[in-house]
1. Go ahead and estimate [θ] at 222 nm for the protein assembly as shown from helices alone: -39,500 (n - 2.57) per DSSP H run with n ≥ 4, summed, over the residue count, rounded to 500.
2. Can you tell me, using C-alpha contacts under 8 Å and at least 6 residues apart, the relative contact order of segment B:468-610 as a whole percent?
3. How big is the Rg/Rh ratio for segment A:468-610, C-alpha atoms only, Rh by Kirkwood, two decimals?
4. Compute the distance in nm between two label points, each set 7 Å from the Cα along the Cα-to-Cβ direction, one at residue B:105 and one at residue B:28.
5. Using Stokes-Einstein with the Kirkwood hydrodynamic radius over Cα pairs, what translational diffusion coefficient do you get for segment A:1-40 at 25 °C and a viscosity of 0.890 mPa s, in µm²/s rounded to a whole number?
6. Give the calculated FRET efficiency between residue B:48 and residue A:449 to the nearest 0.05, with a Förster radius of 60 Å applied to their Cβ-Cβ distance.
7. Residue A:315 to residue A:613: FRET efficiency via 1/(1 + (r/R0)^6), r the Cβ-Cβ distance, R0 51 Å, to the nearest 0.05?
8. Nm distances between the label at residue B:224 and the same-position labels in the remaining copies, 7 Å along Cα→Cβ, shortest first?
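A short reminder: the numbers here are calculations on the coordinates, not readings from a lab. Remember, it's a predicted structure, so these values are computed and weren't measured experimentally. Here the Cβ is made from the backbone with ideal geometry for all residues, glycine too, and neighbour counts use every protein chain on show.
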C-alpha cells in the first residue's frame, strides 16, 4: 500500500477557493427581484406584545412588507427547537426574540424600516426569569406554559438512551431530567480515603463563527416549491424542518448548501423557515443576513451550567464514588445537552458507585443551541478538575492516577451498556511520552520581581461520536475520472477525506477523484455535519460505494481482457491482470464503453446505503503549560500537547487542523468567552468588543500525537475527530493554574478576576 | 391495477411553470460580473481570413475583449462535429461560420463592437462549392482537406452497424458512404410487373425552436472548474465535449441544464465550448445568446437530400426489388444521417432484392445537425411516394398493398439483422379502422367555379429507437415522499412519465413522486434526450431503481410488522400484510426510521444502472386528407389520422402531444419549410419572414390511435414515441396530392410552385 490514499496529508479540496476569497457564501448571491429582510428583535426578555405598527416601517421608501406571526404559518405551539420558531405570537420570551420581519428592496431600506418599527413597537414588560436556579423553583411561573414532550435539539448531537427521571406533575421550567445510578454512592463515598467536592459554573458561550447566518429563499408558485440557498451544516435537516413548518412535502423544498463560514453546531437551522415563509408570502426571493449584533442577540449559544461534583478515591488511587448534579440553562426553549453532559461527566472512569442527576431549566434568555461537543466542555471541566484535585490530594501523578481508573472497551457506561473499544488509555499513554508529561503538576515560580507562576495541567475528555444513516454514490465519468456524491456538508475537511477513501477503495489515484457539489434534490441522504459523524458514517458509505463501483469496473475489464475478475487489479489508471501487466486496459477506455449511443455496458455507478448503529467514541488526553500572573490574575497558555485517538487518520493534516481548532476554541472557553446578561435578561456583551475570542497570541504551539485505535465500522478504522479536542481544554488549563498556583478556579471563563479570587481563596 | 399510474393522462409536471411564464431559461439568469458575447459570423461561404482588427471593436465603450481562434484552445483540426468548432482559423468554410467573439459589459455594447468589427474585418473570397452534386465530383477541391475519420454526429441519433463502402483514395468531399445489398436487384426488377422510378429532392429545414441557443459559462480559477447553464438536451454530452475541448477532466465541468424552449435535436452542443473557453480566458462569466438571424445563419439545420428510388412489384402486389441512391448535403462538416436514411428507406418492407447506396457530401454551407428523426422524413418521403405510385399503378388499395409487404419481427433489416418485434403491421391495421381509411386514394373535385381537388394519402414510417446506457436513483424522503434522480433532460414530457413509472414500480401514489432537478455533478448518467430513447432507456432504469427502493422499504416494514417481506403490499401510502390490512404501517413512518441521530435503518435509496442493447423500433401509419387548389397550387391539409405503435402509453396525453407536434412539424417539411442559399452560398431565408413554419391554420385536427405492441425491455413495454410521428407526414401529404390530382410532387417543400409544376407534368 505504498501508494495508499489513506494516511496522506493532502491539501484540502476547498482550500484554494477559501484562501483566495472565491468561495461562494450565501450572502454573495445575486438574484433577480431579491428582497432583503431584517428581523425586529425584542428588546425585552419577557413582555406582552402590544402593537407592531407595520405602517411605521411601510412608510419608509423601499420597504415592501412587514410580516408578523399572523402573516406566517401558525407553526408549533412551543417550537421543538429554536430553528422552527418564526416570529413571536402575543408574547416575547427572550431579549432577541424575532418579532417582525421588515422586507425591503435594499438592505438599507430594510434597516430604515426596522429602526422606525422598533421605535414604534409597543410592549408591556413582564417579570423575567433570568437565573436558572430561580426558574427551577416549582413556584416559579412557567416560561413555556404549553410545553409538552421532549425537545428535538437535545437529540441532535448524540442521541442517547438514558434513564429519565419521572416528570414532576404540573407545569414546570424543568424541561428535561436525566439520572444515572450505579451501586450505592453513599457507600462509595464512605469507602473513599479522600473525598473532594466542588461546585462549578460555566458561562454562556457563543460559537463566534465569522460568517453570520445568511439565507436566501425563493418560492416558485407554479411548482409550489421552495428553494433555499443557505449556510447550513445539514441540507436534509433544513429540508425536513422547512417542509414541516410550511406544510409542504419534503420534495417541494430544495436546499442548496452554501459555503459555511464557521458553523460549530450553530449553522443547522435558524433563518430558513422564516425566509421560506416570507418568500412564499411575498412571491419574491427573500434574503436574510444577520448583523453581528443580531448574531449575539438571537443566535443559539452554548448553555451555561452549574455542576456540583463530589468524588472519592482510596489511598491507592482507585476511584470509589461519584455524585454529581448538573443544572443547564436552556433559555426560553428546551434543548440543553444535559443528557450527554451527565454521561460524559460520569463515563470516562471505572467508578463502582455513582449517582448523577441532570436538569435542564427554561429561563427568559435566548434558547441555546449546539456548539462543538455540546455539554462536554462543561461536564469535563467539572469532573476533570475534581479528578485533578483528587490526584493532588493523594499526591499521585495525574496521568498515572487517570491510567489506573480510565475505562476501556467492555467497561460499563453510566447507561449500563458496555463501552465499545475506546482509546482513552492509549491516548493517556501517548501523552505520557510527550515532553510536557514530565513536567505535569510541577509548579515553578520565577524569582525577583517576576510575578509569574507556571504549571502543567492534564485532562482527558472525549465524545461519543454521532450516528446517522447515510447513502453515497461513486460514479465513473466517461473519461475515467471519478465523482463522489454525498449529502453531507463539508465544514471541516471531510470532503477531502471522502475523496481519499473513495480513491483507496476503488484503487484510483486520488487526483482523479472529486467530490461533487450537491443539493437536497440530488444528493444521497446523509445526516448533518454535527456530532463528529461525517467521516465515520458517510465515509463508510463512500467506502462501500467505491468498492461497488470497483466491482462494476472490473466486470467490464474482465470481459475486455478475457480474464477472471478476481485476477484483476487496478494500477496507475489501468486495469491489468495480476502478474501479467501487459494485459491491461485503461480505466478511461473502459469508462467510454458505458456511454454513447448504443454503448453496451451500464454506467459504473457504485452505491451504498448504511445505518451504522455502533458508536465509535473518541477520547483525547491534553496537557497545558500555563503561566499565571499572581498580581494581575492573567493566565497565558504557553505550550500545549494533545494525544487523541482518531481511529485512523485518513488525512493527518486535516485531523491535526481539527485538533488545533478545537484547542483554540477550548482556550476561549477556558479563559475568555462569556455572554453576560443583566438582571432584566438583556445581553450586555453584544459585540466582539465585549465578547472576547482567542486571538493568535492566546493560542500556543500545539503538539499533536495521533493515536490510532481503529473503530470497527468506520472507513479504514476512522473515528470522528472534530469534537473531542475542545472537550478537555478548560479542565487542562484549570489544572495548569492549580499546578502553578495551588488555586483551583471553578468558574469559566477563568478571567483574571476569577483567578485572583481563586488565588485569594487558596488554602481557604 | 385500477389505481395503476401507467396509462393515465396526468398533467405534465412542467406544464404550469411553462404556461405561466415562470420556467427559467438560460437567458433569464442574472449573475454578478456577467459579460455578454456576440459572435462575428462570416458573410462569405468560403474565404481566406485576412485580418480581424480587434481594435475596431475594442474602441467601443463597454467592449471588454475580442477573442479569435488564437485566443482559444487549438481544438480539432477538423471538428468531429459543429458543436466542437470554436472560431475559424485562417479560412472560413460557410457563410455563418463564427470568426470572432466580441465580449462586452452589455448586450448593446457587444452589438456595437460586433458591427464595427464586421465592417473592419477583411476576407479574401474563394470559390464556394454550394451544390452537393458539384462537390461530389472527384475533381472538386476538398472543403475539408484535413478530414479523416468518421463524424460523431452521424452516430448520435441512431448508431448503426452498416456496411460501409470502401473509401475512394485521395481527398474527397464524400465524407461517408453506406451501402446495403440483398439479392440481385437487377433480377428483382426484371421479376416486377411494374417498376416505378423517381428522383426526389428535399430542402434544408431548420428546427425553428422558439428559444434561441443560450449559454452562460463561468470559470472558477480556484477549483479550475467550468460551470455552464445552458439550453441543452444532453447535460453529459455537453460535459464530455466541453471537457475535451478545454482539456479538462469531466469532473471539472458542471453542466446545469436549463429549460429547453424547443430543441428537436438542435440543442445538443453548439455554444457551450466557446462560452466556456471565453469564460476561462476572461475569468468572468460569459453569456452568449443567439439572435434569430444568427440562428438561421449559424445553426445546424436538417440536410437537403437528393434521393433516386426505383422499385418494382409483381401484379399481385408483392414487392420484388428496390434500388436507391441517396445524396445528403452535410454542409462544411461531416455528420449527415445518410446511414439511417438508407436503412429506413429500405427497411420497412419485405423486398427480396435491394441495392441502396448513400453518400454524404461536404459543401460550403452550414454544417447540418440533428432534427427529429434525422434522415427519416427525407428517405420516407421518397420511398413512400414510390410505394404509393406502385399501388396506384397496380390499382391496389394503398393500405392493403402495404399490409401485403410490411416487415414484421424476425424479417431481416437491410443490415441483415432481424427486426425485433415491431408494430408496423398493427399500426396499418389500426389505421384501416379510421374513417379516413375508407376514403384513401379517393379523388374528388368540386364542381362549378371551385378549383379545389381533394384526396386522401397514406404513408408509413418510423424510427429505430435510440439506445444509451443510463442509471437512475429512486429515493424515499424522510416524510415518505419519493424523489427520482435521472440525468436526462425533459424536452417532451418524459419527466412526468418517469414519475408514473416510479410510482407504479414502487406502489406509491404518483402525487407522492417527484422528479428532481439535476446537474451533471449530481445526476446519474443518462444519454441525451434524442433518438426517442429517454422513456425506453432511462425509464427502464427508473423502473428497476423503484423496484429496488420498494424492496428496501418492504425490508424495514417486514421487520416492523414482524411479517415476511413476500406477504407485504403497499396500498394507499401504507405497507400492510396481504389479507390482514390492520397490520399496517405508514410509509412515512417507515421513512422516518431511516433518518436522524442514531436511526437504525439505512436510507431507502433504490438504484439501477443498465445498458439495453435491444432496440425498440416504432412505426406509425398516417392518413392525410388534403385539398389542392389546381389554380394556385396551394395545398391545405384538412384532416389527419395517425395510428402509431407506442409499445405502451405511459401517459397517453403526453404521447398524443408528441404525435400532434410531430405531425405539425411534418406539415412544415411537406408544405412550407426551406432554407435557401444563393449561388455564392449565402442564406437568403434568414428570418421568419422568409422562412415559413406551420401556423395554426396549417395544422388540421389530428386523430390519434395508440397501438400498443409492447417492447421487451422498455418500462411496462413502452417504446420511444417522439420521432416516429414526423417521419411519414410529407409522404402522406404528397400521396394525398396525388390522390386528389394525379400529380406526384417529388420535391419538398411542396410549395404552390412545386405543386403547379407537378400538375403541369401530370400524365407527362
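1. Working: 38 runs with 393 residues, N = 1528.
One gets -7500 deg cm²/dmol as the mean residue ellipticity at 222 nm.
2. RCO, segment B:468-610: 33 percent.
3. 1.01
4. 2.8
5. Values: Rh = 14.2 Å.
Here the translational diffusion coefficient equals 172 µm²/s.
6. Between residue B:48 and residue A:449 the formula returns 0.10.
7. Computed FRET efficiency for residue A:315 and residue A:613 comes out at 0.75.
8. So the distances to the same position in the other copies read 4.7 nm.
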